[in-house]
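One structure is given here, and the rest of the page talks about it.
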Amino acid sequence: MNQADIHLKFPNEFTATSLFLSTGVWVKFNDHNIDAKGYLTDVIGLIYKPTGTMLTDEEGVEYPEMADVGGWHVNMRGELPEAIKSYKITVSGTPYRIWD
């Protein structure tokens, strides 16, 4: 069965981690999250997008200026615990990252 990705945006990493641990979605967390009870999570963290301004490095190579879009992002599959539902967002356009 192919479940749909749920896109979540938290104000910061601490809020996300605290909620996932307190609701039992995660049983522990480190650089490699460990999921519990059939949940799948993909920690994206901060997302940066181009501002439209081009910058030039010391070697003369141009590159796009990037800006943080705000929040701490996580993709999830599974039944959302009540405490996490208010962090669900709808992504317009193509999501930053998805599962294959």
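FYI, it's all coordinate maths here, none of it is from the lab. No experiment lies behind these values; they were computed from the predicted model shown.
Tabulate in residue order the Karplus-calculated ³J(HN,Hα) for segment 81-88, using 6.51 cos²θ - 1.76 cosθ + 1.60 with θ = phi - 60°, rounded to whole Hz; enter x for Gly and Pro.
x, 3, 5, 9, 4, 6, 9, 5
Cα-Cα pairs above 18 Å in segment 6-89: how many percent? Don't skip to the answer; put the middle values down first.
On the way: 1654 of 3486 pairs.
Of the Cα pairs, 47 percent sit more than 18 Å apart.
For Trp72, which sequence-distant residues (separation of 5 or more, or a different chain) have an amide H within less than 5 Å of its own amide H, given hydrogens modelled in the peptide plane?
Phe10, Asn12
Let me have the 222 nm mean residue ellipticity of the chain computed from DSSP H runs of 4+ only, each contributing -39500 (n - 2.57), with the sum over all residues rounded to the nearest 500.
On the way: 1 runs with 10 residues, N = 100.
Helices in the chain give a 222 nm mean residue ellipticity of -3000 deg cm²/dmol.
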